[in-house]
Amino acid sequence: MSKNLNYNTDVVKHYVRYYGWIKPFKSILNFVDAEIKKGRRDNNCKYLTFCAAQAIDVFLFEYLKYLYRNEKTNRLENVYFCENDEESFSIIQKMIGSSEQGFFGDFKQIILQDETEQIGNIDDPFDEPETEDEREKLRLIELKKGLLAKFPFDVINLDIYGNFFPNSEKRYSDAFQTYKGVLEQQKRGNTCKRFLMYLTVYTPVLNKPRYVNPDVITSFEMVLLGNLVYPEFEQAFLNKYGHTDPRNIEVYQKFILGFTKQILFKETYKLGWKPKLHNMMAYDRIHHDNNAKYKITTFVVEYRRDSALDGFDDFDGNVYEEIEEDYKAQLFNIVTNKPEYVPSEDQIPKEVSENLLSTVAFRNAFLKKIGLYKSEIFD
């Protein structure tokens, strides 16, 4: 996925925000407000995002009054971000209005750091890292400690740039381990009962090493073959594809079905969360170096905490019986009704483009007010 797209005019991406993100965010916001009224928490809805310099999502939710900006300080409270481009980081930091709510670095690298690792001689207060790599590692470890202290979040916009399963990594990729790490940290303090995630994933249409680790596609095929033991899944699969061989469907379909089963369901259950897939929305993009197509898929997932699920190894035993019916119903719905394909740009409803224009105008008015507006970035 490119970080250089012009999101100011990208109505295809905004279609996903408008029809896929707003309603479930409002549901979480209502839940948080109810918890505050009951005296169960005292902080407002917390949002973690990877918003890029144009920050359309942040200003959309502020425009809707889902996020709160302190008028005295101009600080957008409880909004946190991660960004590894220095110029973009500086701009977003000023937009948010706080130097303490941003984390400069690659999110995967930060989350996957071993924060217990010692760099240098801890018994010598004058011993400092000698190499640039050691200094960067120490910086990332300290950054991770600061990031973990902000968990849990109520809404997470987890847009991991690049391939989720690159051929250069093992099947249990860095992105996969990062997803698991986020779910682990959401249990921090045992205070989070439910939260929402927009998980945006590069989705291959060709089973070639450049686009995906082929071992992942093979494992997804095996996962789907195993699910044929459920009559509901088998019938839904037959109705949709006219056969019951998951190896004989498009790579994209294998990916989203296998990803949903293996990552969004199995791994999520194992980490003590019950997932509810609100939506799965997909649209086309183009590799600019060779004009080959790929897809972007956003999974809109709500998670509810269930400590009875913590650490179970597989879909076996009593714990599985507790989730089996819900799992089968969701799987049937996914095969039958998902994903929702975003229309081409010329078919996007007018209300989407109008909302994007309003969001951009709202943002630009604020940026001009604080002297941050740059036409080359925000037009």
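Determine, from the Cβ-Cβ distance of Arg41 and Ala329 and an R0 of 30 Å, the FRET efficiency 1/(1 + (r/R0)^6), rounded to the nearest 0.05.
0.45
Just need the relative contact order of the chain here, percent rounded to a whole number, with Cα pairs under 8 Å and 6+ apart.
Reported as a whole number, the value is 19 percent.
What is the diffusion coefficient of the chain in µm²/s, taking the Kirkwood radius over Cα pairs and the Stokes-Einstein relation at 10 °C with a viscosity of 1.306 mPa s?
71 µm²/s
Applying a 10 Å radius around every beta-carbon, put 90-100, 341-351 in order of their mean neighbour count, most first. Walk me through the numbers on the way to the answer.
On the way: 90-100: 17.5, 341-351: 12.5.
Ranking the peptides 90-100, 341-351 by packing returns 90-100, 341-351.
So how far apart, in nm, are the two label points at Ser27 and Thr191 if each is 7 Å from Cα heading toward Cβ?
2.4 nm
Within the accessible area of the chain, what % is carbon and sulfur when the probe is 1.4 Å and the other protein chains stay in place?
46 percent
Summing -39500 (n - 2.57) over the DSSP H runs of n ≥ 4 in the chain and dividing by its residue number, what mean residue ellipticity at 222 nm do you reach, to the nearest 500 deg cm²/dmol? Walk me through the numbers on the way to the answer.
Details: 13 runs with 154 residues, N = 379.
Roughly -12500 deg cm²/dmol at 222 nm, from the helical runs in the chain.
Search the structure for amide H atoms under 5 Å from the amide H of Asp159, placed 1.01 Å from N in the peptide plane, and list their residues when 5 or more places away or on another chain.
Distant-sequence amide H within range of Asp159: Phe50, Thr200.
How many angstrom separate the Cα center of the range 189-238 from the Cα center of the range 80-117?
29 Å
Return one whole number: the accessible area per residue of the range 227-379 in Å², for a 1.4 Å probe.
Accessible area per residue, the range 227-379: 48 Å².
Any of Lys261/Lys338; Lys240/Lys328; Lys108/Lys137; Lys208/Lys274 with alpha carbons more than 24 Å apart? Name them for me.
In this structure, Lys208/Lys274 exceed 24 Å between Cα atoms.
For a 32 Å ceiling on Cα separation, which of these pairs sit above it: Lys350/Lys374; Lys65/Lys293; Lys144/Lys266?
Lys65/Lys293
Could you give the nm distance between label points at Ser219 and Lys170, where each point is 7 Å from its Cα heading toward the beta carbon?
0.9 nm
Could you report the range 85-219's accessible area per residue, 1.4 Å probe, as an integer in Å²? Intermediate values should be presented prior to the final figure.
Numbers: 6620 Å² over 135 residues.
About 49 Å² of surface per residue is accessible.
Reachable aspartates and glutamates from Lys187, Cα under 15 Å, same-chain residues fewer than 8 places away excluded?
Asp154, Glu267, Glu302, Asp306, Asp310
For labels at Val229 and His243 in the simple 7 Å Cα→Cβ model, what's the distance in nm?
My value for the distance between the label points is 2.4 nm.
The values are calculated or read from the model by the stated rules, or taken from the named source; none is laboratory data. Predicted model only: the values in this text are computed from it and were never measured. Every residue, glycine as well, gets a Cβ built from its backbone with ideal geometry; the counts of neighbours run over all protein chains shown. What goes into the accessible areas is simple: the full protein's heavy atoms, side chains included, and nothing from ligands, DNA or RNA. Shrake-Rupley method; radii C 1.70, N 1.55, O 1.52, S 1.80 Å.
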